[in-house]
Amino acid sequence: MSDDTLLVTDIQRYAVNDGPGFRTNVFLKGCSLRCAWCHNPETINKEREVYWKRRLCVQCGACLNACPRDAINAPIPPEEAQSEGSTYQKIIRERCDLCMKCVDACQFGALEIVGKPMTTESILDEVEQDRPFYDRTGGGMTVSGGEPTAHPAFTGKLLDDARKRGLHVCIDTSGFCTWETLKSLVEKVDIVLYDIKHIDSSEHERMCGAGNELILDNLRKLLELTDKEVWIRMPILEGFNDSIDYHKRAIEFLKSLPRKPARIDLLPFHNWCENKYDWLGINWPLRNIQALEPLRLEIIKDLYEANDFVATVGGSGFENREGL
Ligand code: SF4
Ligand code: SF4
């Protein structure tokens, strides 16, 4: 894919939890980490993919006939494929070369291409449709993913073009990239949404596929060498980073930073995305873990506030913002 075009999985309008005001979130495809709880598994792989939606599949067999690579399993009775706990999958992923002939053949909408190639212009034309909402609420565009810093040239152009159109811009990043890349991109935004998943590197590596040294070092540089507004985002998962003791240590880490982040957003884990894992043919180990009740995080939020941090549960962009 050229620097002018990138795969986008979704352009989500009227978002209220990813920066101030009403926002449009742009989800770029491709990520540099592998977080076990990822709520957007369709954004991890930078290549196009195919969803197979078992509830829509009537097992007609048209895709089997269309596939040139013998990458489709033979039909079985629909009620069997749709039964609780069924492990039947339509696509044999390791044989598939993403030709998409099966998608064209399916008359029932059970097969879908994930990832639409878009230019910065086509993205921004869509984003601009909600300009009146941004103007009224202090909103704008948030570039998310996946990981925006995994595509520095495209993301840089998207941010530049957005600023030329007068849009308020946030970037939502894991910070897992070189400092040079992060610096070049944050220079172009109004607010940086920055993830801290775990302050212990070994735990971070266990759940995200890489240690956190680079991420924490980049955060320190971001706060020391730039004047950007930074919102810390903490996805909270039971048994991983939900204890009071953990957050006492996280607060000590945050206090050691060169300046205080503008706020801390505690984002409770949920498993509402389990269908997406199924549609991609991924057996997601966390699918049966219950969503964290936001109320359970209030006590953690109180802890941050008692230590003089602005904190939210859920990350609403309408909280703690004067005039909104
Ligand atoms: S063509 Fe569509 S409905 Fe028919 S078997 Fe394939 S996925 Fe299912
Ligand atoms: S995308 Fe192409 S290769 Fe893959 S399952 Fe469909 S028809 Fe077969």
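Structural remarks
- Among the numbered conditions (1) assigned to a loop (DSSP other than H, G, I, E, B); (2) open to solvent by 60 Å² or more (accessible area, probe 1.4 Å); (3) of a type in the set (D, E), the only one that D104 does not meet is (1).
- Among residues of the stretch 62-75 that are farther than 12 Å from L98 by Cα, those with a beta-carbon under 6 Å from a residue that is more than 10 Å from ligand 2 (Cβ to nearest atom) at least six positions away or on a different chain give the pairs P75/Q59; P75/G61.
- Taken together, N275, N241 contain a single residue that is open to solvent by 10 Å² or more (accessible area, probe 1.4 Å) and assigned by TED's automatic domain parsing to the domain that holds S144, which is N275.
- One residue stands out among those in the stretch 48-64 that are out of contact with any helix residue (DSSP H, G or I) (no Cβ under 7 Å at 6 or more places or on another chain) and farther than 20 Å from V114 by Cα: the one that is farthest from ligand 2 (Cβ to nearest atom), which is C60.
- Apart from one condition, V50 fits all of (1) under 14 Å from I91 (Cβ atoms); (2) touching a residue at least 40 places away in the same chain (Cβ under 8 Å); (3) part of a helix (DSSP H, G or I); the exception is (3).
- Neighbours by Cβ (under 7 Å, 6+ apart or cross-chain): first from the stretch 101-116, within 8 Å of ligand 2 (Cβ to nearest atom); second among the β-branched types (V, I, T) and open to solvent by less than 70 Å² (accessible area, probe 1.4 Å): C102/I72; V103/V50; V103/I113; L111/V50; L111/V103
- Unmet requirement for N45, which otherwise passes all of (1) more than 16 Å from ligand 2 (Cβ to nearest atom); (2) assigned to a loop (DSSP other than H, G, I, E, B); (3) free of Cβ contacts under 8 Å to residues at least 24 places away in the same chain: (1)
- Here is the figure for the stretch 141-173: residues that are small (G, A, S), crowded, with 21+ Cβ neighbours inside 10 Å and assigned to a helix (DSSP H, G or I) total 2.
- Verdict on P235 being closer than 30 Å to N288 by Cβ, in contact with a Leu (Cβ under 7 Å, 6 or more places away or on another chain) and of a type outside the set (D, E, K, R): yes
- Any hit, the stretch 125-140, residues being more than 16 Å from ligand 1 (Cβ to nearest atom), crowded, with 24+ Cβ neighbours inside 10 Å, in the same structural domain as E229 (by TED's automatic domain parsing) and more than 18 Å from the chain's Cα centre (by Cα): yes
The values are calculated or read from the model by the stated rules, or taken from the named source; none is laboratory data. Keep in mind it's a predicted model, so treat the numbers as computed, not measured. A quick note on method: Cβ atoms are made from the backbone with ideal geometry, for glycine too, and the neighbour counts reach across all protein chains shown. Each accessible area value is taken on the protein alone, full model and side chains, heavy atoms only, with ligands, DNA and RNA left out. Shrake-Rupley method; radii C 1.70, N 1.55, O 1.52, S 1.80 Å.
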